Each structure stands twice: as structure tokens, then as C-alpha cells.
């Protein structure tokens, strides 16, 4: 690729031109729009982002699991460029176009399960989740929706309600949507050990399984801290839903499209959701999301009950088709597994050296460390922020997560060269030593 795959620091981070732009941002954009690292990017690709000051940073964030295939994947550039020249919009609900149908056909083919499926397209993960809930309620005639501790599902009114964490997502934005109930998640590092039993007991006693339209879960909790539920938890929840006529919805917004070493995270334990929500990695950075589900559920909604002006924009559809081509052509599922094979042993070795690391977890290229007060499980958010600051200063872009603000999450682009992956881990290790 044309962008050199190297870390290069020519100024302090952020540099002077980025600081100038940050001042402009603060004058033009509300303070509610936060920024993890205020360097302003001019080019990005492979495993690096290059800022306006000429610094090249190693990217362990991938736009929060969006640019799985890279920031300017050749197939994406080619398809989108051609589409721009043909037309940019008609609205699929007014005059449709083939690429929308092609994306839906691909999703029906590739998502878990060999049953008859339907898909439709929207703009964001939150929209996908909200529409999945709409569909489940319509199909079942029920109202209650069950979600899990540590879950994150979006920033709209309903998806804020579905999300577990108050600050910054829900604080002072209420009142929230009704008929949403939260149950325990199997969190191996923190418990409870009987999360499934507690969840089912709460559903049966506090709601009544016969009143539940949908159970919604992330196969790996994302913003909640990259929590990988203990094995067996997800299949048991799916079985419970099936036995009680409840729609099982998998929120694969962050886990989808090869990120976890499977095309979709549900595949790790053979779980087949009734509805699956996808976004983020679906279109290489263009706004697109989808709901895919069993035909008998999806087709129950009346004509006009689903849709949106920009949903399935033709540019985003072409990008999605290019992403799926790239994942297959470059075997990025295997590449995600390889990233995990490199990262997990290195991080486990760091854990044995640095007692501030309480837990190392994840699958594929969706990996995290949880920081604690040494010798305890007390969350250490202050150390997490200090570690992030140290990494950023050395040209390594990392992100935080976690209900307690004490998790460092790693989401490198699946096309990142291994030498950058190793260099980034070295920067992290050095920062931990200094911490």
C-alpha cells in the first residue's frame, strides 16, 4: 500500500496543527462529542493513521471495529468510486437498485443458520437494534425485552434504555423506554457463577416468559469490557428462548465481520440467533447496518412498517459488497485468529509480570486487559487512563471500555502487518513497566 507501514513521531502528540484544529472543534462542536485522541487524521490504511502534523500512529482501534479491512481497502475504493459516478441516492423505498438486494442476499447466506432469511438495511448499529426489537414485538405480540448487565446497544432513546452503563451514555437523558428488563451476564472474572440460573429465575418470576418478546445479547460484551461469557451460557440462553417462543437477538455490531476469528461471534459455540444485528465492520467505514432474521419473523411486519430514507445507501452497499469480497479473498477470518495467537500470549506474559493486570480476555482480534488494584479485583480506572495517555504519547492508539472504566481494548485492523502489531505490544509493555 502507498501509506508507509511504520510508526513515526515528528512532533509531540497532539502536534501543533492538531491543537489548532482542536481549538476550532471546541468552538464549533458541542462538548458532548468527546475525542479519545485529538490528532486530526489526513490519511489512514493498513495498520496506521497519519495525522496533519505528519505523525504516523499504530492503530489498535480500527475506528471502534469499523475498518476491519483497512481504512482505504482497494476493493472498497474501486466500488464506491464507480458508484459515485453513477448515482449517490434514490431511496430504496422509492426506486430500488440491485446492490441493496445483493447485500441482503449475502447477509442471508453468510449469517449463522441455513434457514430461510430476510435482511433489510439501515444506517447504524443503534437503528439495527431498535428495528430488531420492533420486529420481535410485532411478530410475538409481546412487549417485554430482556437485556444483560454490562451490555451496550446504542445512544437512541430505546437503545440507551437497553444499555447498562449510566455514564456517559444515559446520565440525565431519561425518562427511558418502558418494558426493558436487565438480568445478570456470565462474567468469568467477576461473576456471578450462576448467571444463567439467576437470569432465568428473574425472567420467570419478575416478567413471565410468556410476556417476553425478545432477549437481546452481545455474544461478547463490547463497551462493557470485552466480556466473553463462560462457555455454554449463550447456547443455554438461546435454548431457553426457543423453548418459550422468545425471539433471540444477537447484537453483533462490534463482533461481526471476522473480528473475533469467526465471521460472526455466535459461530464459536454454534448459536443460531433468530435475528442478528450487524453494523460497524460491514462497510469499511461507510454508514450501514442490517437486521437479518428468520423469514417467518421478518415477513410478519406490514408493508411500510420498516425502512428509512438513507437505509442501504448505494455507496454503502457497494462498500459492503467490497468488504465481503475482501474478507474472503484475504482470508481475514484466519487473519483475526492469527492476531489473537500473537496478542494473547504476549498479554498473558505481561499479566504474570504486572499484577495491575487482573484479567486478559477476548477472541481473535477483539482482545482486552482489565486493570485492578494489585492483589485485588478492585477496578483501577486511574491506572487505565494513565496507561492510555502513555501509549498515545508513544504513537500507539488504544481505546478504553468497561463498566468500571478500567479496561483497555484492542481492535487492530485485520490487515495490520505483524511487525506493527509486535511494536504496539512492545509500547504497551514498556508503558506498563513504567506505570
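Values computed for the structure shown
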| read-out | value |
| --- | --- |
| Convex hull of segment 309-435 built on C-alpha atoms - directionally averaged projected area, nm² | 9.5 |
| Spin-label model distance (nm) - residue 373 vs residue 419, 7 Å beyond Cα toward Cβ | 4.4 |
| Cβ-derived FRET efficiency at R0 25 Å, residue 41 paired with residue 331, nearest 0.05 | 0.35 |
| Cα centroid of segment 209-229 to Cα centroid of segment 362-429, whole Å | 23 |
| Percent antiparallel among DSSP beta bridges (both partners in the chain, rounded to 5) | 65 |
| Stretchable slack from residue 102 to residue 300, in nm (0.36 nm times residue separation minus alpha-carbon distance) | 69.1 nm |
| Relative counts (whole %) of C-alpha pair distances in segment 74-329, using bins that are 10 Å wide | 7, 32, 36, 19, 5, 1 |
| Convex hull volume per residue in cubic angstrom - Cα atoms of the chain | 145 |
| Ordering of 306-319, 180-193, 249-262, 113-126 by packing [mean C-beta count within 10 Å, highest first] | 249-262, 306-319, 113-126, 180-193 |
| For segment 74-329, share of DSSP beta bridges that run antiparallel, in % to the nearest 5 | 45 |
| Ordering of 226-237, 367-378 by packing [mean C-beta count within 10 Å, highest first] | 226-237, 367-378 |
| Segment 119-163: C-alpha gyration tensor shape, a/c 1.5 cut-off, then a/b vs b/c | oblate |
| Segment 137-238: C-alpha gyration tensor shape, a/c 1.5 cut-off, then a/b vs b/c | oblate |
| Label-to-label distance, nm, for residues given as residue 143 and residue 33 (7 Å Cα→Cβ offset) | 3.7 |
| Alpha-carbon centroid distance for the pair segment 70-100 / segment 118-194, whole angstrom | 31 |
| Potential lengthening between residue 352 and residue 172 on full extension [0.36 nm per residue; Cα-Cα distance subtracted] | 60.7 nm |
| At R0 = 60 Å, FRET efficiency that the Cβ-Cβ distance of residue 198 and residue 341 yields, to 0.05 | 0.95 |
| Proxy reagent accessibility, fewest Cβ within 10 Å first, across 25, 82 | 82, 25 |
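FYI, it's all coordinate maths here, none of it is from the lab. Not measured: the values here are computed from a predicted model. A quick note on method: Cβ atoms are made from the backbone with ideal geometry, for glycine too, and the neighbour counts reach across all protein chains shown.
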